[in-house]
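A short worksheet on the structure shown next.
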Amino acid sequence: MAMRTQFSVLLAAGALASPLAEAQSPPATISEGELLARLAAKLDSLAAQDQFSGVVALVKNGSPIFQRVYGMADRSTRRKNDLHTAFNLGSINKVFTGTAVRQLAAAGKLDLDSTLARYWSDYPNPEVASRVTIRQLLEHRAGVGGDIFAAPRGGKRSDIRHNRDFLQLFVEEPLQFEPGTSRRYSNSGYIVLGELVERISGIDYYEYIRRHIYEPAGMTRTAHFRPDSLPANTALGYTRGGRDAPQTAPLRPNTELLPGRGNAAGGAYSTVTDLLKFLSALRSRKIPGAPPPGIGVAGGAPGLNAVLEGGLPGGYDLVVLANLDPPAAVGIGEMVRRWLGARN
């Protein structure tokens, strides 16, 4: 899913937005009253058709002006979503991995323009390690491919319990293109970056992210939960079979599609409150290496979709978390951006 900064999954927009640009956010092209009326009407309609289930929060200049909850976190028990429900973020947590890498670079522990081999001498694919740079991995220009959604040889998806376990799914694959000559979305590249964070810092990847990103931001309900032991008030995902499935197809849990734990490319869980805290931390510059507050990020997979938009025209921030297939959340984000006159 696309994002609007250099931390993007697809790097659709190129350069980072500047803090000055954030402070001088352009005016919205719609009144606040009309915006809220349109948003409420659209969400009510989608929820009535079982096409949206989740949480939507709109904040203006730091103050919440719209918070609505729809649908169920667990359909088997009829447990409803609420403002404190945690949802799977999908690829949004690539932002956290990218931030960790840049923190280590700022501390002088790695050079973004050095090859992977410099810091990982025994990387299982020496040809790849000797040719790709850390910056290329960050920017999806390294050519590292492979399917991280497969099951390990002789096992099942639930056997994957740590970021490092995903390496076996792609590490022997050749490069998809000459590093630096193209740009192609790469989950695998971010798995590698997550392992690099662990090797260079000497701290478990998940623990590093908690200590250096979640804690400084005050994010107490954000973590890579295991699907077989989700904490209370966490949403289960429900899929009709993916983005291209008919809207009339029955919903089923996406549990069997999930690994035993998420990774550095995606799969952390979070809440509306925690994501708004993250935006606040960006504005106050509490997190070294983090993107500017004008960030626009999204993540999605069968049964999950999430959008985080900061610094929209008129001083708005938007968080949409859904436990249904894309474009449940992304569609809402695109509509709000269009109503506000935001540029892509």
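Data table
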read-out: Failed item in (1) surrounded by fewer than 20 Cβ atoms within 10 Å (Cβ to Cβ); (2) under 23 Å from HIS224 (Cα atoms), with LEU196 passing the rest; value: (1)
read-out: Matching residues in the stretch 246-302 - criterion: being in contact (Cβ under 8 Å) with a residue 24 or more places away in the chain and of a type in the set (Val, Ile, Thr); value: THR255, THR271, VAL272, THR273, ILE287, ILE295, VAL297
read-out: Residue match in the stretch 273-284 (condition: in a strand (DSSP E or B), within 30 Å of ASP50 (Cβ to Cβ), modelled with pLDDT of 95 or more and of a type in the set (Ser, Thr, Tyr)); value: no
read-out: Residue count, the stretch 48-84 (criterion: surrounded by fewer than 24 Cβ atoms within 10 Å (Cβ to Cβ) and either aromatic (Phe, Trp, Tyr) or in a loop (DSSP other than H, G, I, E, B) (or both)); value: 16
read-out: Residue in the stretch 273-291 that is touching a Lys or Arg at 6+ places or on another chain (Cβ under 9 Å), over 25 Å from VAL197 (Cα atoms) and of a type outside the set (Gly, Ala, Ser) present; value: yes
read-out: The stretch 213-229 residues that are on the phi < 0 side of the Ramachandran plot and part of a helix (DSSP H, G or I), paired with ones that are hydroxyl-bearing (Ser, Thr, Tyr) and surrounded by fewer than 15 Cβ atoms within 10 Å (Cβ to Cβ) (beta carbon under 9 Å, 6 or more apart); value: TYR214/THR220
read-out: Residue match in the stretch 157-168 (condition: aliphatic (A, V, I, L, M), under 30 Å from ALA328 (Cβ atoms) and not assigned by TED's automatic domain parsing to the domain that holds VAL330); value: yes
read-out: Residues of the stretch 230-245 satisfying the condition of being within 14 Å of GLY54 (Cα to Cα) and assigned to a loop (DSSP other than H, G, I, E, B); value: ASN233, ALA235, LEU236, GLY237
read-out: Subset of the stretch 27-49 [touching a Gly at 6+ places or on another chain (Cβ under 8 Å), acidic (Asp, Glu) and over 23 Å from LEU279 (Cβ atoms)]; value: none
read-out: Flag if ALA142 is free of Cβ contacts under 8 Å to residues at least 40 places away in the same chain and part of a loop (DSSP other than H, G, I, E, B); value: no
read-out: Identity of the residue in the stretch 236-261, of a type in the set (Gly, Ala, Ser) and touching a Lys or Arg at 6+ places or on another chain (Cβ under 9 Å), that ends up modelled with the highest pLDDT; value: GLY260
read-out: Matching residues, the stretch 291-310, being of a type in the set (Gly, Ala, Ser) and surrounded by 24 or more Cβ atoms within 10 Å (Cβ to Cβ); value: GLY296, ALA298, GLY299, GLY300, GLY303, ALA306, GLY310
read-out: Residue within the stretch 257-271 that is more than 20 Å from the chain's Cα centre (by Cα) and either assigned by TED's automatic domain parsing to the domain that holds ILE134 or not polar (S, T, N, Q) (or both) present; value: no
read-out: Selection status of ALA290, within 20 Å of LEU36 (Cα to Cα) and part of a loop (DSSP other than H, G, I, E, B); value: no
read-out: Unmet requirement for TYR316, which otherwise passes all of (1) among the hydroxyl-bearing types (Ser, Thr, Tyr); (2) within 16 Å of VAL55 (Cβ to Cβ); (3) touching a helix residue (DSSP H, G or I) at 6+ places or on another chain (Cβ under 7 Å); value: (2)
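The values are calculated or read from the model by the stated rules, or taken from the named source; none is laboratory data. The model shown is predicted, which means the values in this text are computed figures rather than measured ones. Counting neighbours? That spans all protein chains shown, and the Cβs are built from the backbone with ideal geometry, glycine included.
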